[in-house]
1. Relative contact order for the chain: what percent, with Cα pairs under 8 Å and sequence separation of 6 or more?
2. Before anything else, pin down the relative contact order of segment 1-127: Cα pairs under 8 Å, at least 6 apart, normalised by residue count, whole percent.
3. With all protein chains present, how much of the accessible area of segment 4-250 (probe radius 1.4 Å) comes from carbon and sulfur, to the nearest whole percent?
4. At most 16 other C-beta atoms within 10 Å and a DSSP loop state: those are the exposed GluC sites (Glu not before Pro) I care about. Give me the longest piece of the chain that has none.
5. Which lysines have a Cα lying under 17 Å from the Cα of Lys217, excluding residues fewer than 8 positions away in the same chain?
6. So who's got an amide H within less than 5 Å of the one on Leu41, skipping anything under 5 residues away but keeping other chains? H placed 1.01 Å off N, in plane.
7. If you find the alpha carbon centre of segment 204-254 and of segment 98-166, how far apart are they in angstrom?
8. Go ahead and estimate [θ] at 222 nm for the chain from helices alone: -39,500 (n - 2.57) per DSSP H run with n ≥ 4, summed, over the residue count, rounded to 500.
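The values are calculated or read from the model by the stated rules, or taken from the named source; none is laboratory data. Since the model is a prediction, treat every value here as computed from it, not as a measurement. Ideal geometry is used to build each Cβ from the backbone, glycine not excepted, and the neighbour counts take in all protein chains shown. Just the protein is used for accessible areas: all its heavy atoms, side chains included, with ligands, DNA and RNA removed. Shrake-Rupley method; radii C 1.70, N 1.55, O 1.52, S 1.80 Å.
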Amino acid sequence: MRKQIAAANWKMNLTIQEAVSLTEELISKPRKLSVRQEVVLGVPFPYLTTIKNMLSGTEGIFISAQNCSDRKNGAYTGEVSTEMLQSIGVTHVIIGHSERREYFQENNALLSEKVNRCLQTGLKPIFCCGEPLAVRDSGTEYKYVETQLEEGLFHLDAIQLTGFIIAYEPIWAIGTGKTATSDQAQQMHAFIRKVMSTKYGSIVAESISVLYGGSVKASNAAELFSQLDVDGGLVGGASLVASEFSAIIDNLKK
Ligand code: PGA
């Protein structure tokens, strides 16, 4: 059975002190995750080791970077490689968040290289896709997302995609307070699974966790996560508040 995942994306927020208190509050509440549930914290680079150390002894909570370099190593000032991340115990990397695509001109070709780097280093990519408002308004959102999947992931083989994580984040719902309805989310998630199934077969497609992102909160998580093809969420704003994110975790399918 595929994993149900609550992934936090702290983005470029919090001081180290704030990040530590948030983590303390999050892990202070005893929580029994089922074998199919996982929590992933997407932490800014400078805090990865500190937060990782705080998580030792807590089961089912993993640590993720929010980006990585597409290069292996070398003279790339300011970049962070997957080997560096792997060497400090990071397990996941958010790849192709819409903010990276929009503000840092990351395209599908570059993102496919980043995915490769993650897989070669044993890190799990959380591959983001999703359409801007203009695309949804023009009614071409399915084609748009399909192209992101084709260009970002279709060079991989079935083994590499088994148990993979995709996050669908409609850009018009990110940080806007405007959530996709649970029907809109379910329809796109079912479509994503169909695209993966057509290319890789249903066993692979059924093993992929498809997370929803875009204004997920404690108050809408239950409704969104109850949808058949919604396997949890990638959460920005609400992941900065321990009580909100805890409630979101509690709403994952058991
Ligand atoms: P949001 O962000 O929850 O603040 O909308 C989600 C994301 O960008 O991953």
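1. Working: 482 pairs, mean separation 55.9, N = 254.
The value is 22 percent.
2. Details: 186 pairs, mean separation 27.5, N = 127.
For segment 1-127, the relative contact order is 22 percent.
3. On the way: 5840 of 10670 Å².
Roughly 55 percent of what the probe reaches on segment 4-250 is carbon or sulfur.
4. On the way: sites that count: Glu59, Glu79.
It runs 80-254.
5. Correct list for Lys217: Lys11, Lys178, Lys253.
6. Counting only residues 5 or more places away or on other chains, the set is Ala8, Phe62, Ile63, Ser64.
7. Segment 204-254 and segment 98-166 have Cα centres separated by 19 Å.
8. On the way: 12 runs with 109 residues, N = 254.
Taken over the chain, the calculation gives -12000 deg cm²/dmol.
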